[in-house]
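Okay, structure first, notes after.
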Amino acid sequence: MEKLEHTVFQISELIGKERFGTLSEEENEVLEEWRRQSAEHETLYQKLQDTRYLSESVARLSGIDTRQPLLHMQRQIAGFTRRRQVLRLRQIGGVAALFLILLGSFWLVHRQSSLRQPPVDRPILAGGPRAVLHLGNGELIHWDTLQQTITQGEVRISKTDDRKLSYDSRQEKNEKSGKVVYNEIEIPRGGEFDLVLADGTQVWLNAESRLRYPVEFSGKERKVVLEGEAYFQVKKNPSLPFRVEIRNQVIEVLGTEFNVSGYKDEVHVYTTLVNGKVKVATTGRDMTLLPGEQCVLDTGDGSMIRQQVDVDKIISWKKGKFILEEQTLEQIMQKLARWYDITVFYQNPALKNKVFKGSVPRYAELQQVLNILEKTGEVQFHIQNRTVIVKE
């Protein structure tokens, strides 16, 4: 038990320092090695990155005796008062030290809970309509608790069905005030959502995405900021160009349909034009796309390339399918991880580079999707709780 608590303390300290930006290169190598040791370690690491999940999990486990693990952790810290480690803690600060204690106690609680409760195999279902609305006043509204209609100033926000939110301004254009109020909609892992902006533009948002937008548009442009992936059907207005900012790229349109994907854990941003015309711009260069063309921006070196693509395959996620066109296993599993809210662990990292093609249903249970991939004979999968272990 003493060895376990020492490991808890050491790894909790490293994760805490990583969160507060004080992790050295040597310490980062230790943390990375620990993550690679097992799927359980990687799953736990990913959970500890989500502060909200961390606090909610500790609250849910309030019935478990967390007092003793917490006291153990506090004694560990107190025991280091004459050692180098406490100096590092003091350098991080009191808040970080408290965070470290929380991490350590949560880890021990997690282990204790896992030992008490035998694993139960439950099917991992596909995602569905899930969203959190961030209002301009800082209020958060979860989609499943949203009333039919709410108002912000002169804008009515309506829940039009079980997966769509619509903004409708009750002011005439010449009556609109100069004050711009922003909302943000956040789509978690395992979610998707539809949105109609105040100008009539429709947006379909994929899992693990967020969009920041004005409650009503004013000025000389319609500008929104995207993280993740979305499909836009822009309401035509030649006098008021529509711009989408994503990472270090800006997409400018007048009235068109296009898909853009630029997740933070991926190197490239993909902009695919369905119809109309768009201009994609980044620092020092730009590119105009025609229907059926895709711009691929490398966020590392800023380079841009143009390529012809099958649009239907790119936007298949919006139509209930994942069409895999010469994609690596790593790319495929990234999509599945967001949609099914899972963690992926590779027994052999070389498996990430295997290339697949074909089609899998978006709304099927995860096991059904993995069975389809296994039929290639190239790879096998084992599901452990919400972790998928990939092996040869």
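A short reminder: the numbers here are calculations on the coordinates, not readings from a lab. Please read all numbers here as calculations on a predicted model, not as lab measurements. Here the Cβ is made from the backbone with ideal geometry for all residues, glycine too, and neighbour counts use every protein chain on show.
Within the range 263-344, the trypsin sites (Lys or Arg not before Pro) that combine a DSSP coil assignment with at most 12 other C-beta atoms in a 10 angstrom radius are K264. Here each label is just a point 7 Å from Cα along the line to Cβ, and for E40 and D312 those points are 4.8 nm apart. Taking a straight Cα-Cα cut-off under 12 Å and skipping sequence neighbours fewer than 8 places away in the same chain, the aspartates and glutamates within cross-link reach of K318 are E192, D194, E229. Using the Cβ-Cβ distance between K159 and T288 with R0 set to 41 Å, the FRET efficiency from 1/(1 + (r/R0)^6) comes to roughly 0.60. In terms of its alpha-carbon gyration tensor, the range 198-313 comes out rounded; the largest-to-smallest axis ratio a/c stays below the 1.5 threshold. Within the straight-line cut-off of under 23 Å between alpha carbons, the lysines reachable from K375 are K313, K321, K335, K352, K354, K357, K391, sequence neighbours fewer than 8 places apart in one chain being disregarded. Fully extending the segment from R122 to N275 would add 50.8 nm, taking 0.36 nm per residue of separation and subtracting the current Cα-Cα distance.
Subtracting the Cα-Cα distance of E32 and T151 from their residue separation scaled by 0.36 nm leaves 38.1 nm.
Cross-link reach is defined here as a Cα-Cα straight distance under 27 Å, omitting same-chain residues fewer than 8 places apart; for K179 the lysines meeting it are K159, K164, K220, K223, K235, K236.
Would the range 324-392 count as rounded, prolate or oblate if I go by the C-alpha gyration tensor, calling it rounded below 1.5 in a/c and otherwise prolate when a/b exceeds b/c, oblate otherwise? Verdict is rounded for the range 324-392. Placing a pseudo-label 7 Å from each Cα along the Cα-to-Cβ vector at T376 and K179 gives an inter-label distance of 5.5 nm. Kindly identify the range 137-274 as rounded, prolate or oblate by the Cα gyration tensor criterion: order the square roots of the eigenvalues as a ≥ b ≥ c, call it rounded if a/c is under 1.5, otherwise compare a/b with b/c, prolate if a/b is larger, else oblate. Oblate shape, in that a/c is at least 1.5 and b/c is the bigger or equal ratio.
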